[in-house]
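Derivation of every value follows stated rules applied to the coordinates shown; laboratory data play no part. In this text the structure is predicted, and so the values were computed from the model without any measurement. With ideal geometry, Cβ positions are generated from the backbone for all residues, glycine too; neighbour counts draw on all protein chains shown.
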């Protein structure tokens with residue numbers, strides 16, 4: 001009798017994609033950090049509302065979540081021979 005080998009839901013490719021998505025998320029959050037000042041009476045709008053912080057970082061965060069969801073939902077390719 002052939003023993004049926006149990007297969008895990010996550011393959012190495014899934015874990016790789018999951019880590020890539022987490023790295024993209026972390027990069028997006030790191031790009032959002034900053035814009036503060038040591039002097040509470042000084043307001044630097046250009047540093048606070050930069051294109052990187054307002055546009056690029058949120059897009060990276062959303063892209064990271066899309067990659068993470070794809071990594072979770074991705075099915076392994078069937079290698080069974082019929």
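Specify which of the listed residues (73, 59) is within 30 Å of residue 9 (Cα to Cα) and free of Cβ contacts under 8 Å to residues at least 24 places away in the same chain.
Values: 59 fails: free of Cβ contacts under 8 Å to residues at least 24 places away in the same chain.
The conditions single out 73.
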What is the residue count in the range 28-82 for residues that are exposed (fewer than 10 other Cβ atoms within 10 Å of the Cβ) and in contact with a helix residue (DSSP H, G or I) (Cβ under 7 Å, 6 or more places away or on another chain)?
0
